[in-house]
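Below is one structure; the comments refer to it alone.
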């Protein structure tokens with residue numbers, strides 16, 4: 001049997017833009033996508049901390065190092081610039097593997113930048 005588990009999470013990004021007229025999805029800085037072990041075109045869930053909205057969409061590559069977090073198309077109705085969101089992706093794994101599974105969780109710094117180590 002397989003179960004769906006948390007694969008990756010970007011915890012508390014700030015929406016930098018909302019573009020109703022752009023073809024749908026979520027544009028994210030490629031540094032964030034890679035740090036969270038996510039992929040361009042991957043299905044994600046966006047949870048808006050400010051208003052409680054939860055939506056599903058997919059990722060679009062944003063300029064590396066830009067800190068961009070842009071809701072596009074219909075998703076733009078679910079949040080606005082300055083809102084705080086959590087971006088989540090899930091994966092299917094065997095139950096036996098789930099007992100040892102560790103998701104990738106990233107806590108971006110101010111401006112949606114990766115914390116310096």
**Prompt:** Once the Cα atoms of the chain are picked out, what are the Rg and Dmax in Å?
**Reply:** 14.1, 45
**Complete:** Subtracting the Cα-Cα distance of residue 115 and residue 6 from 0.36 nm times their residue separation yields 37.1 nm
**Prompt:** At 222 nm, what helix-only mean residue ellipticity would the chain give, in deg cm²/dmol to the nearest 500, using -39500 (n - 2.57) for each DSSP H run of four or more?
**Reply:** -1500 deg cm²/dmol
**Asked** Relative contact order for the chain using alpha-carbon pairs under 8 Å, separation at least 6, rounded to a whole percent?
**Response** 44
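Taken together, the values in this text are just the output of simple stated rules run on the coordinates, not laboratory data. All values derive from a computational prediction rather than experimental measurement.
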